[in-house]
Amino acid sequence: MKGYRLVGLALGLLLGAWGLVIGCRQPESASDGQGVPAEAISLTEEEFARAKQLFFNYCAGCHGTTRRGATGPHLLPEAPEGSTYPGTRQLGTAAIKAFITNGTPGGMPDWGRQGILSEEEIDLLARFLQLPPPPIPPMNLEDMRASWKVHVPVEQRPTRPQHNRNWRNFFGVVLRDAGKVAIIDGDTKELVSIVNTGFAVHILRSSASGRYFYSVGRDGKVTLIDLWMDPPQMVAEIKGAYDARSVDVSKYKGPKGDFIDKYAILGGYNPPHFVILDGLTLEPLKIIRTSGYDVNEGAFYDEARVASIVASHHDPLWVVNVKETGQIWLVDYSGVAQGKVSIDVLKAEQFLHDGGWDHTKRYFLVAANNKNKVVVVDVQEKEVEAIVETGRRPHPGRGANFYNPTYGHLWATGHLGDNTIALIATDPGPNQWKVVKKLELPGVGGGTLFIKTHPKSRHLWVDRTLNNDPELQRTIYVFDTETLELVKELKIPESIPNARAVHLEFNQNGDEVWVSAWGRKDDPSTNAILIYDDRTLELKQVIQGDWLITPTGKFNVYNTANDIY
Ligand code: DHE
């Protein structure tokens, strides 16, 4: 049987220094700082294929398929020139296994301790990571067309809602490890339907009218769900990448045309490209590769992945954030029907990830998380307005907008790598685009993935899903947006064991907050949706059921279509 073989070199291991840099625990075998013994790395074809899949499932998001690093450090056999992180061959199997098992305070999950990866899988990954990364296969329009299905043609879809429910207050709930999306009625809290969306579905976005949900998964599949049908169901699907994280829609209606529900856009991690799709059928119309040169060193990145995408309400534009190069592409879709897509490329900062609009929806704020910064784009003037240092690894989700009597309008982000919430002033004046205040979460470390508020709420809600402490992972923090005091810490009830609290979403009225208790995929009793009263901060309802497996993101139709956060 053909095997993959490589002899690890006995290079001096500077793990002690590296451990300090990322604050990690040092594995025993390397704690003397003298280096690890040479080891022979050998994987059979079958092992290599399994390890590749495990890497895709758990690691590629942060470290990249070609392993050059992004949110997490590079994982290349030899350290690239100038890198402060050693090569994986220098680290050796024991050290790599320790990282995968225990995670790091910088936000890397403790895959072993959580029991998500077995010892055998961790060993396999640790050996795989010392071999060169496999190449990214291409994907073209024909491949996409082969996967494209329209289940219900547009002319057979209803012309008005087929049910009497308040569909604008529906919640689409991602059931991550079930590969499904649940549609829940936000008024009655009843399960309305479950749609098979595909592997590790990641996010949903609402069409501009709110009638459709678009899902995107880590298998690069986009599905289109019609909420007017009874029950709501998938009406089209397409695979537009091998690995993807983002999808959005055209939201502009004005003098330049009516693009409501006209187009969708899929952002690919692998291949690194975006695809413009017909909004009602998902027919692929145009692919554009995002490979390019980074804004700092000018190094070429074939793997320049599309991170967040947001649609402007004021112009026929998408803001496409290219992670590795740090470029922000403003993509004008008004000429797609004439075969024309014009793009302005802005030089921002590397490792762009997630972000959201300020309250005026003129400025888009996006985290360059591995650079500890937030980039502010003036989408109206098509320029980078500011780059703000906020804290260690900002992770805003979409961020949160609120008015504070002292500081005016603020946009807020939490951090993966520290326990602060940075408040950035957005009103014109001397403080604009400055961090005017940092709120502190109690306890050690960050791990915040999402924060949220609503124009009708006086509260800022914060999770801490990736903290290393299992108790803090279960805790939600609520701040008063006027006094900026921490007013309540809410824990997942003990009757729901082994769950982390993740992602917060308001209902349409802005008086309820839905939180996911993200548990084990093989045990429904560890999973739930917790519904809190935003005025009293009391838990008012718990949704559970055999169908509710690993809920993560929740998307309220009205708030998502209108970018309310
Ligand atoms: Fe996400 C948003 C990428 C891990 C749940 N996530 C995003 C966005 C990106 C991204 C680029 C912004 C999309 C947009 O706005 O267009 N996410 C990644 C990763 O690369 C990463 C770090 C690692 C990976 O392997 O995927 C990652 N994400 C996760 C999770 O582990 C989460 C908690 C559960 C899951 O799906 O596996 C998760 N990400 C989410 C959610 C949003 C999101 C719920 C949307 C937040 C919102 O309120 O809009």
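A compact table of results
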{"quantity": "Residues of segment 508-535 classified as within 22 Å of Arg464 (Cβ to Cβ) and not small (Gly, Ala, Ser), total", "calculated": "15"}
{"quantity": "Looking only at segment 251-290, and only at residues there that are farther than 15 Å from Pro316 by Cβ and free of Cβ contacts under 8 Å to residues at least 24 places away in the same chain, the one that is surrounded by the most Cβ atoms within 10 Å (Cβ to Cβ)", "calculated": "Asp278"}
{"quantity": "Matching residues, segment 547-565, being over 19 Å from Ile476 (Cβ atoms) and surrounded by 15 or more Cβ atoms within 10 Å (Cβ to Cβ)", "calculated": "Ile549, Val557, Tyr558, Thr560, Ala561, Asn562, Asp563, Ile564"}
{"quantity": "Strands (runs of 3 or more DSSP E) contained entirely in segment 209-296, each with at least 1 residues that are of a type in the set (S, T, N, Q)", "calculated": "212-217, 221-226, 233-239, 243-249, 263-270"}
{"quantity": "Subset of segment 486-510 that is in contact with a Ser or Thr (Cβ under 7 Å, 6 or more places away or on another chain) and of a type in the set (Val, Ile, Thr) - its residue that is surrounded by the fewest Cβ atoms within 10 Å (Cβ to Cβ)", "calculated": "Ile496"}
{"quantity": "Residue that is farthest from Tyr58 (Cα to Cα), among those in segment 144-162 that are in a loop (DSSP other than H, G, I, E, B) and of a type in the set (Lys, Arg)", "calculated": "Arg160"}
{"quantity": "Residue in segment 114-132 that is within 16 Å of the ligand (Cβ to nearest atom) and among the hydroxyl-bearing types (Ser, Thr, Tyr) present", "calculated": "no"}
{"quantity": "Subset of segment 306-321 (residues that are open to solvent by less than 10 Å² (accessible area, probe 1.4 Å) and within 30 Å of Gln233 (Cα to Cα))", "calculated": "Val306, Ala307, Ile309, Val310, Ala311, Ser312, Pro316, Leu317, Trp318, Val319, Val320"}
{"quantity": "Filter result (farther than 25 Å from Met108 by Cβ and either of a type in the set (Phe, Trp, Tyr) or within 16 Å of the ligand (Cβ to nearest atom) (or both)) within segment 382-399", "calculated": "none"}
{"quantity": "Out of Asp315, Asp248, sole residue that is away from the ligand (no atom under 16 Å from the Cβ) and in contact with a Lys or Arg (Cβ under 9 Å, 6 or more places away or on another chain)", "calculated": "Asp315"}
{"quantity": "Number of positions in segment 93-143 that are part of a helix (DSSP H, G or I) and either in contact with a Phe, Trp or Tyr (Cβ under 8 Å, 6 or more places away or on another chain) or open to solvent by less than 50 Å² (accessible area, probe 1.4 Å) (or both)", "calculated": "17"}
{"quantity": "Top-ranked residue in segment 337-383 [being among the charged types (D, E, K, R) and open to solvent by 60 Å² or more (accessible area, probe 1.4 Å); ranked as farthest from Tyr301 (Cα to Cα)]", "calculated": "Arg362"}
{"quantity": "Strands (runs of 3 or more DSSP E) within segment 383-451 that include 1 or more residues in contact with a Ser or Thr (Cβ under 6 Å, 6 or more places away or on another chain) and at pLDDT 95 or above", "calculated": "394-404, 408-415, 420-425, 435-440"}
{"quantity": "Unmet criterion (only one of (1) within 15 Å of Gly210 (Cα to Cα); (2) open to solvent by less than 10 Å² (accessible area, probe 1.4 Å); (3) of a type outside the set (A, V, I, L, M, F, W, C)) for Asp243", "calculated": "(1)"}
{"quantity": "Residues of segment 185-222 satisfying the condition of being modelled with pLDDT under 95 and surrounded by fewer than 23 Cβ atoms within 10 Å (Cβ to Cβ)", "calculated": "Gly198, Phe199, Ala200, Asp219"}
{"quantity": "Residues that are of a type in the set (Lys, Arg) and either within 16 Å of the ligand (Cβ to nearest atom) or within 15 Å of Lys554 (Cβ to Cβ) (or both), drawn from segment 190-217", "calculated": "Arg205"}
{"quantity": "Of all residues in segment 511-522 being open to solvent by less than 50 Å² (accessible area, probe 1.4 Å) and out of contact with any Pro (no Cβ under 7 Å at 6 or more places or on another chain), the one that is farthest from Gln114 (Cα to Cα)", "calculated": "Glu512"}
{"quantity": "Residue in segment 414-437 that is touching a helix residue (DSSP H, G or I) at 6+ places or on another chain (Cβ under 7 Å) and open to solvent by 40 Å² or more (accessible area, probe 1.4 Å) present", "calculated": "no"}
{"quantity": "Verdict on Pro231 being more than 19 Å from Asp261 (Cβ to Cβ) and either open to solvent by 30 Å² or more (accessible area, probe 1.4 Å) or of a type in the set (S, T, N, Q) (or both)", "calculated": "yes"}
{"quantity": "Qualifying residue in segment 19-41 (condition: open to solvent by 20 Å² or more (accessible area, probe 1.4 Å), modelled with pLDDT of 85 or more and within 19 Å of Arg127 (Cβ to Cβ))", "calculated": "no"}
{"quantity": "Close pairs (7 angstrom Cβ cut-off, 6 or more residues apart or separate chains): touching a residue at least 40 places away in the same chain (Cβ under 8 Å) and more than 7 Å from the ligand (Cβ to nearest atom) in segment 56-75, among the β-branched types (Val, Ile, Thr) and assigned to a helix (DSSP H, G or I) anywhere", "calculated": "Leu75/Thr88"}
{"quantity": "Segment 531-546 - residue that is open to solvent by 70 Å² or more (accessible area, probe 1.4 Å) and over 25 Å from Pro455 (Cβ atoms) and, of those, nearest to the ligand (Cβ to nearest atom)", "calculated": "Gln544"}
{"quantity": "Tally of residues being assigned to a helix (DSSP H, G or I) and either buried (at least 23 other Cβ atoms within 10 Å of the Cβ) or not acidic (Asp, Glu) (or both) across segment 163-184", "calculated": "5"}
{"quantity": "Neighbours by Cβ (under 8 Å, 6+ apart or cross-chain): first from segment 495-521, in contact (Cβ under 8 Å) with a residue 24 or more places away in the chain and within 15 Å of the ligand (Cβ to nearest atom); second aromatic (Phe, Trp, Tyr) and open to solvent by 40 Å² or more (accessible area, probe 1.4 Å)", "calculated": "Ala499/Trp518; Arg500/Trp518; Ala501/Trp518; Val502/Phe450; Val502/Trp518; His503/Phe450; Leu504/Phe450"}
{"quantity": "Test: residue in segment 73-87 that is open to solvent by less than 10 Å² (accessible area, probe 1.4 Å), over 24 Å from the mean Cα position of the chain (by Cα) and either more than 29 Å from Ser308 (Cα to Cα) or among the small types (Gly, Ala, Ser) (or both)", "calculated": "yes"}
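The values are calculated or read from the model by the stated rules, or taken from the named source; none is laboratory data. Nothing here was measured: the structure is a model prediction, and the numbers come from that model. All Cβ positions, even for glycine, are placed from backbone atoms using ideal geometry, and neighbour counts span all protein chains on display. All accessible areas refer to the heavy atoms of the entire protein, side chains included, with ligands and DNA or RNA removed. Shrake-Rupley method; radii C 1.70, N 1.55, O 1.52, S 1.80 Å.
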